[in-house]
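Input: a single structure, listed below in structure tokens.
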Amino acid sequence: MKRIALLAVCMLAATVAHAQTLDKIRSSKTVTIAYRPDALPFSFEDSNTKQPAGYTVDLCKRVVAGLEQQLKVGTLQIKWVPATAANRMELVAQKQADMECGATTATLGRMEHVDFSNLVFVDGGGLLVRTDANMKSLADLGGKKIAVIGGTSTEKALAAALKQRLVNAQIVPVKTREDGLAALESGSVDAFASDRVLLVGLGTKVKNPERYTMLGEDYSFEPYAITLPRGDPAFRLAVNRALAQIYRSGEVAEVFNRYFSGLGSPSTLLMAMYYLNALPE
């Protein structure tokens, strides 16, 4: 009997803890969302409106609309909190944001500190190089310098790929994608590593686009998701329920076309991801 009573107490405590985020949103009628101003086209600040925009930002706005329906609280306000690659997950872990909407890869290591929604995008790691360097693959970067944002899953994946393929290249950590692009343009590095779609987004900031190209070889798999507080399954379910509705209704096609129309249709892998996460009620 004591064991059953203890289990009941633990289950009750867990239920109370798990309802914290939804209760906070219900009472404040506000969802606090961290976003990356520098993760074009997933998360950035619109140059005209100066407001957060992007593929993941738009999905999160629709998730908030889904939370409105689930909680039946009327209109929810969104409080936007700018984040960096270094502090984006810390903001969620320390409850300074309810979710983070950017270009964040879900990894098992990160799940020790935060949780993630179902996937919102899939990408691969790419390398931007100068066209005149005549590089075709990762193997051609032996003895070269590769810039990458420090402390990210991209840096770890790049290091692992170089080690696995016995490529002796020097990794040069930078703080932002703009810093990496500037280093490549100045010639202080020979390549800049990032997720492929993010490199495409940087194309608008390159002075002479014809001078640069992306290697055709991927070196990593990057599954993107919305960062959520760890240990709050009720909130995670509510977010996933909203995402599933977006995928089932076909709304995601509108969001994709708004930010990736220049890339053509979603890849077969991305279409499969949408299909597999369009979970029924």
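The criterion of at least 2 residues that are of a type outside the set (A, V, I, L, M, F, W, C), under 20 Å from the mean Cα position of the chain (by Cα) and closer than 23 Å to GLU178 by Cα is met, among strands (runs of 3 or more DSSP E) falling completely within the range 69-163, by 115-130. Look at (1) out of contact with any helix residue (DSSP H, G or I) (no Cβ under 6 Å at 6 or more places or on another chain); (2) more than 30 Å from LYS95 (Cβ to Cβ) and you find that GLY126 fails only one, number (1).
Working only within the range 214-241, note down all residues that are part of a loop (DSSP other than H, G, I, E, B) and surrounded by fewer than 19 Cβ atoms within 10 Å (Cβ to Cβ). Those that are part of a loop (DSSP other than H, G, I, E, B) and surrounded by fewer than 19 Cβ atoms within 10 Å (Cβ to Cβ): GLY216, GLU217, ASP218, ARG230, GLY231. Being assigned by TED's automatic domain parsing to the domain that holds VAL64, farther than 23 Å from PRO52 by Cα and not hydroxyl-bearing (Ser, Thr, Tyr) is a property that PRO229 lacks.
In this structure, is GLY201 touching a strand residue (DSSP E or B) at 6+ places or on another chain (Cβ under 9 Å) and at positive phi? For GLY201, the condition - touching a strand residue (DSSP E or B) at 6+ places or on another chain (Cβ under 9 Å) and at positive phi - is not met. Among the residues of the range 35-63, those identified as touching a residue at least 60 places away in the same chain (Cβ under 8 Å) and part of a helix (DSSP H, G or I) are TYR55, THR56, ASP58, LEU59, CYS60, ARG62, VAL63. Filtered by the rule that a residue be outside any helix (DSSP H, G or I), surrounded by fewer than 19 Cβ atoms within 10 Å (Cβ to Cβ) and either modelled with pLDDT of 85 or more or acidic (Asp, Glu) (or both), the range 175-213 gives LYS175, THR176, GLY187, SER188, THR213. Only one of THR84, THR131 is in the same structural domain as THR268 (by TED's automatic domain parsing) and at pLDDT below 95. Can you tell me which? THR84 is the lone residue from the list that is in the same structural domain as THR268 (by TED's automatic domain parsing) and at pLDDT below 95.
Every residue, every condition in (1) over 19 Å from the mean Cα position of the chain (by Cα); (2) surrounded by 19 or more Cβ atoms within 10 Å (Cβ to Cβ); (3) in the same structural domain as ALA97 (by TED's automatic domain parsing); (4) under 20 Å from ALA34 (Cα atoms), yes or no:
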site: LEU243; (1), (2), (3), (4): no, yes, yes, yes
site: ARG248; (1), (2), (3), (4): yes, no, yes, no
site: ALA253; (1), (2), (3), (4): no, no, yes, no
site: TYR259; (1), (2), (3), (4): no, yes, yes, yes
site: ALA272; (1), (2), (3), (4): no, no, yes, no
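The values are calculated or read from the model by the stated rules, or taken from the named source; none is laboratory data. As the structure is a computational prediction, the values presented were derived from the model and not from experiment. Cβ coordinates were reconstructed from backbone atoms using ideal geometry, including for glycine residues, and neighbour counts include every protein chain displayed.
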